[in-house]
Amino acid sequence: MTAPNPARKLVISLHDATPFHLARIRKAETVFRNLGVAKITYLLVPEYHGGYPSAESGEFISWCREARPFAVDWHLHGYHHLEAAGTAAAGGGAGDAFKRKFLTAGEGEFLALDADAQRRKLIEGREVFRRCLRADPAGFVAPAWLFNDSLRPILKELGFLYTEDHRHIYQVSDGTRIESPVVTWATRTVLRKYGSLIVCPALARLWAHEPVLRVAMHPFDFDHASTVANIRSVLRRVMSAREQAFSSDLVFA
Ligand SMILES: [Zn+2]
């Protein structure tokens, strides 16, 4: 096996860390351990779908603070991870409504929110994050990577350092960004699930020369043996070719 190329970075992440998904996340961690993952970004959801408050689950908090054989960079990820009823009518154009409905199954929580609502969710979310991890989040990732122009100024005001969308990772302080495509699996419909098994390895090959590649996994991926096998094979390939990194390791220009 050739050594990873230090000029090519790999940012691995696990989305949707919440008490609701704890059993799936434990399965995911077994996969990460067995593959020898060195660095992974975990995205914490403060109160998944309004019914799973992270800071009130003792089991989840203990899990958050567990020692691991790999380094974890924790970022904040939305608040409810669900679009509030009525926000589709309150903001965003028809195109935004389309994006939310068809790309996210209604999980584009931040896309239609005004600045004040975003600020409130970020402040409350950070409070939950602190209670779980006894630290401040360095980064924030909007659910489904969807947000509007209000987000980055508020992140800056609140002292967040990094955020990202489908195509880029941003340094919040000065707005610089890095081009970074992301390989991510879909499991919501049978068609998408099997499509991902073809598309994800193909994208990993297509993007082999991109300086910064992201691989993002979701807890539901770990319900499907075929998806897990596909994840293992893609991760093995990209981990052998690239140096693993956190947002804080990247050079923004
Ligand atoms: Zn998510």
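Odds and ends about this structure:
- Residues in the stretch 1-44 that are over 25 Å from Leu203 (Cα atoms) and without any contact (Cβ under 8 Å) to a residue 60 or more places away in the chain: 5 in all.
- Those residues of the stretch 135-152 which are touching a residue at least 24 places away in the same chain (Cβ under 8 Å) and away from the ligand (no atom under 16 Å from the Cβ), in sequence order: Ala135, Ala138, Asn148, Ser150
- Yes/no for Leu235 being in a strand (DSSP E or B), in contact with a Leu (Cβ under 6 Å, 6 or more places away or on another chain) and more than 21 Å from Leu44 (Cβ to Cβ): no
- The stretch 78-119 - residue that is out of contact with any Leu (no Cβ under 9 Å at 6 or more places or on another chain) and under 28 Å from Ser62 (Cα atoms) and, of those, modelled with the lowest pLDDT: Leu82
- Restricting the stretch 16-61 to residues that are within 12 Å of the ligand (Cβ to nearest atom) and on the phi > 0 side of the Ramachandran plot, the residue that is nearest to the chain's Cα centre (by Cα): Asp16
- Within the stretch 224-253, the set of residues being closer than 30 Å to Phe160 by Cβ, of a type in the set (D, E, K, R) and out of contact with any Pro (no Cβ under 7 Å at 6 or more places or on another chain) comprises Asp249 only.
- For the stretch 172-186, the criterion of a residue being touching a Leu at 6+ places or on another chain (Cβ under 6 Å), β-branched (Val, Ile, Thr) and within 16 Å of the ligand (Cβ to nearest atom) is satisfied by at least one position.
- Condition met for Ala208 (among the hydrophobic types (A, V, I, L, M, F, W, C), under 23 Å from Met239 (Cα atoms) and exposed (fewer than 14 other Cβ atoms within 10 Å of the Cβ)): yes
The values are calculated or read from the model by the stated rules, or taken from the named source; none is laboratory data. Only a predicted model underlies this, so the values are computations on that prediction, with no experimental measurement involved. A quick note on method: Cβ atoms are made from the backbone with ideal geometry, for glycine too, and the neighbour counts reach across all protein chains shown.
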